[in-house]
């Protein structure tokens, strides 16, 4: 899967260098900016997730990332619902915000989910980002809950 937009390209992480780039963006956004403890940011699901990476078109600088969990790895995020994947760890570098990188990453993760036969995508949105996900077709369900000390809301989009 590959997508492009003015100034950047989005693709599934292809190798260990791409995965390191994904983790570097997550560290900058979640650990450094938001204060999420590093031991909570990285988990066993990283080994089996589909990682998506946005890079600057001219020089390959990592701009954003996200991941898709599906199968047994997604059960905790989707309530075990068959055919439902879990979008998570969506992060866009501060300098790249407002350029459409986040939207392109979400759409790339949805494309990856469709390619794997999934029919819906769940996510746990930080509550300040609810409007972003609602504009992309996600609907909130259940109550608000804390994750790493940050208020979150479960959301789903049928594909």
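The values are calculated or read from the model by the stated rules, or taken from the named source; none is laboratory data. No experiment lies behind these values; they were computed from the predicted model shown. Backbone-built Cβ (ideal geometry, glycine too); neighbour counts: all protein chains shown.
General observations
- Pick from region 10-51, criterion crowded, with 17+ Cβ neighbours inside 10 Å and in a loop (DSSP other than H, G, I, E, B), ranking: nearest to the chain's Cα centre (by Cα): 49
- Check on residue 108, without any contact (Cβ under 8 Å) to a residue 24 or more places away in the chain and within 29 Å of residue 17 (Cβ to Cβ): no
- Taking region 68-159 and the strands (runs of 3 or more DSSP E) fully enclosed by it, the elements with 2 or more residues that are touching a helix residue (DSSP H, G or I) at 6+ places or on another chain (Cβ under 9 Å) and surrounded by 19 or more Cβ atoms within 10 Å (Cβ to Cβ) are at 84-92, 120-126, 150-158.
- So residue 54, is it in contact with a strand residue (DSSP E or B) (Cβ under 8 Å, 6 or more places away or on another chain), under 22 Å from residue 153 (Cα atoms), modelled with pLDDT of 95 or more and surrounded by 16 or more Cβ atoms within 10 Å (Cβ to Cβ): no
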